[in-house]
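K.L.:
Sending over a structure as structure tokens; questions will come in a sec.
Every number here is computed from the coordinates shown, using simple stated rules; none is lab data. Here the structure is a predicted model, which is why all the values come from computation and not from measurement. Glycine gets a Cβ as well: all are built from the backbone with ideal geometry, and neighbour counts include every protein chain shown.
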Amino acid sequence: MAEIITLFYDPMKAMGEWKSEDFDFEDAYNEKYGYNAFMTDRDLYTKAFEIYGNLVETNKLVPEMSFMGN
């Protein structure tokens with residue numbers, strides 16, 4: 001079984017056109033998935049990340065490397 005994938009017919013030619021210069025990716029996303037879907041999905045994506053563990057910094061005084069006022 002062989003699959004042929006064609007990414008571009010002509011890499012120098014755009015595959016589609018925007019409706020206007022003010023129409024951007026967010027507008028296209030909202031048009032496809034519903035009102036304000038882009039912001040909602042972006043916020044849910046950001047909140048889905050979990051942070052594990054805590055940053056711990058351990059410091060040790062090394063008198064030979066410190067100015068102790070002597």
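K.L.:
Taking the mean number of other Cβ atoms within 10 Å as a proxy for protection, how do you rank 41-52, 23-34, 56-67 from highest to lowest?
P.N.:
23-34, 41-52, 56-67
K.L.:
Phe49 to Asp22: extension gain in nm, 0.36 nm per residue of separation minus the Cα-Cα distance?
P.N.:
6.6 nm
K.L.:
With a sphere of radius 15 Å drawn around the Cβ of Tyr35, what net charge do the other residues whose Cβ falls strictly inside it have (Lys, Arg +1; Asp, Glu -1)? Please report the intermediate quantities before stating the final value.
P.N.:
Numbers: positive: Lys32, Arg42; negative: Glu26, Asp27, Glu31, Asp41, Asp43.
My count for the surroundings of Tyr35 gives -3.
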